[in-house]
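The values are calculated or read from the model by the stated rules, or taken from the named source; none is laboratory data. What you see is a predicted model; the values in this text were computed from it and never measured. No Cβ is skipped: glycine too gets one built from the backbone with ideal geometry, and neighbour counts run over all protein chains shown. Remember, those area values only see protein heavy atoms, side chains included, never the ligands or the DNA or RNA. Shrake-Rupley method; radii C 1.70, N 1.55, O 1.52, S 1.80 Å.
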Amino acid sequence: MDNAASRRDFSTIAASALVGMTLRPLPAFAANQKGCLPGTNPASGYTVGVFEHATPDFKKWHKVIDGFGKDFPFSVIPPECKSIREVFVKTKTPEGGDSIMAFLVFENSGLKAVTDFFDEKKSPIITQGKKEGWITGKWHANYYTPSLFRGKEIGPPPPLKKGNGVIYGGHGYAGKFQEWADLFGAPDFDKFHNSFNIFASAGGSSIGKISNDVTEKSGIGVLHFTDSFADAKRFEAEFSKLWPTLDKKKFTDPYRLTVGEVMYASDDFIKAGIKV
């Protein structure tokens, strides 16, 4: 669909009036026929770490991680991290080079162990990667605690497929989390998300004190999953236009938005015995 040609204003999101936000009307988008369940459903018990870095060549990087063995990544990540899922996604640097985004899902009680293991200055994996040249550029680590899901089915995102798009977004938020949650689950935002073929989302409060980019004390983190990388790129373009129009007394910088593509279904690692 041609967003530029079809863009027109509709009435300001109803939920925004309830939470006292000043939003200019969003552009209207036709709801996806396949659509997701309306609103959101609760999540609890887990934290997400989103890690990003550049690499000279994605295929060469992938050969390196393939070399860690069939039980990777859970054979490498310490058990005290209590990780249950990790996904690797191909992204691009602002200059157009290859880069990687990985998100790790782990039990809340594993937070200290995870932050220790993924500490840029101490991590044996990061140290090895930098020494061997398959980790380059700035290291990004951002954390958030999902408290709601949105999607075609209740619960977390299903196993990802080759070609799916992944979107990570994080920003400061100066209001109460429930205000944002009400807005995120509002019908007009359902239409907005459906228009980009987002089939699952997980959102919650960011943890600014241990994040590199989304550093506000109070903030939001979200992962969206789209049918295709092209859908993720369309979302990136549209949200980049939307962000400056949001009420900056509530929606605050710094914010980060990264989109990428699942290159292999096998890059969605789910620990044995865990059902998603």
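Check off (1) part of a loop (DSSP other than H, G, I, E, B); (2) buried (at least 18 other Cβ atoms within 10 Å of the Cβ); (3) in contact with a helix residue (DSSP H, G or I) (Cβ under 6 Å, 6 or more places away or on another chain) for residue 217 and give me the number that stays unchecked.
All conditions are met except number (2).
As an exercise: evaluate residue 191 against (1) in a helix (DSSP H, G or I); (2) basic (Lys, Arg); (3) within 28 Å of residue 264 (Cα to Cα) and give the number of the one condition it does not meet.
Result: residue 191 passes all but (3).
Would you confirm whether any residue within the range 94-102 is part of a loop (DSSP other than H, G, I, E, B) and in contact with a helix residue (DSSP H, G or I) (Cβ under 8 Å, 6 or more places away or on another chain)?
Applying the first criterion (part of a loop (DSSP other than H, G, I, E, B)) to the range 94-102 yields 94-97.
The next check asks that each one be in contact with a helix residue (DSSP H, G or I) (Cβ under 8 Å, 6 or more places away or on another chain); those that pass are none.
Within the range 94-102, not a single residue is part of a loop (DSSP other than H, G, I, E, B) and in contact with a helix residue (DSSP H, G or I) (Cβ under 8 Å, 6 or more places away or on another chain).
Residue-wise test of (1) in contact with a Lys or Arg (Cβ under 8 Å, 6 or more places away or on another chain); (2) buried (at least 21 other Cβ atoms within 10 Å of the Cβ).
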residue: 174; (1), (2): yes, no
residue: 182; (1), (2): no, no
residue: 188; (1), (2): no, no
residue: 191; (1), (2): no, no
residue: 196; (1), (2): yes, yes
residue: 199; (1), (2): yes, yes
residue: 203; (1), (2): yes, yes
residue: 206; (1), (2): no, yes
residue: 210; (1), (2): no, no
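To keep it simple, each residue is scored yes or no on (1) under 20 Å from the mean Cα position of the chain (by Cα); (2) buried (at least 19 other Cβ atoms within 10 Å of the Cβ); (3) of a type in the set (Asp, Glu).
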position	(1), (2), (3)
86	yes, yes, yes
99	yes, yes, no
102	yes, yes, no
110	yes, yes, no
114	yes, yes, no
122	no, no, no
126	no, yes, no
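May I ask you to list pairs of residues, at least six apart or on different chains, whose Cβ atoms are under 8 Å apart, with the first in the range 54-75 being hydroxyl-bearing (Ser, Thr, Tyr) and the second being assigned to a loop (DSSP other than H, G, I, E, B) and open to solvent by 50 Å² or more (accessible area, probe 1.4 Å)?
75/68
When you scan the range 147-162, do you find a residue that is open to solvent by 20 Å² or more (accessible area, probe 1.4 Å), at pLDDT 95 or above and among the aromatic types (Phe, Trp, Tyr), even just one?
Within the range 147-162 (the criterion being open to solvent by 20 Å² or more (accessible area, probe 1.4 Å), at pLDDT 95 or above and among the aromatic types (Phe, Trp, Tyr)), the answer is yes, since at least one residue qualifies.
Anything in the range 39-63 that is farther than 19 Å from residue 85 by Cβ and open to solvent by 40 Å² or more (accessible area, probe 1.4 Å)? List them, or say none. Can you show your working first?
Applying the first criterion (farther than 19 Å from residue 85 by Cβ) to the range 39-63 yields 39-40, 53-61, 63.
Selection gives 40, 56, 57, 59, 60, 63.
Of all residues in the range 75-84, count the ones that are on the phi < 0 side of the Ramachandran plot and either touching a Lys or Arg at 6+ places or on another chain (Cβ under 6 Å) or open to solvent by 50 Å² or more (accessible area, probe 1.4 Å) (or both). Walk me through how you get there before you give the answer.
Kept after step one, since they are on the phi < 0 side of the Ramachandran plot, are these residues of the range 75-84: 75-81, 83-84.
Then keep just the ones that are either touching a Lys or Arg at 6+ places or on another chain (Cβ under 6 Å) or open to solvent by 50 Å² or more (accessible area, probe 1.4 Å) (or both); that gives 75, 79-80, 84.
Matching residues across the range 75-84 total 4.
Can you work out which of the residues in the range 220-240 that are assigned to a helix (DSSP H, G or I) and among the acidic types (Asp, Glu) is nearest to the chain's Cα centre (by Cα)? So that I can check it myself, show each step before the final result.
Quick first cut of the range 220-240, residues assigned to a helix (DSSP H, G or I) only: 229-240.
Right, trim to among the acidic types (Asp, Glu) and you get 231, 236, 238.
Working: 231: 14, 236: 12, 238: 16 Å.
The extreme case among them is 236.
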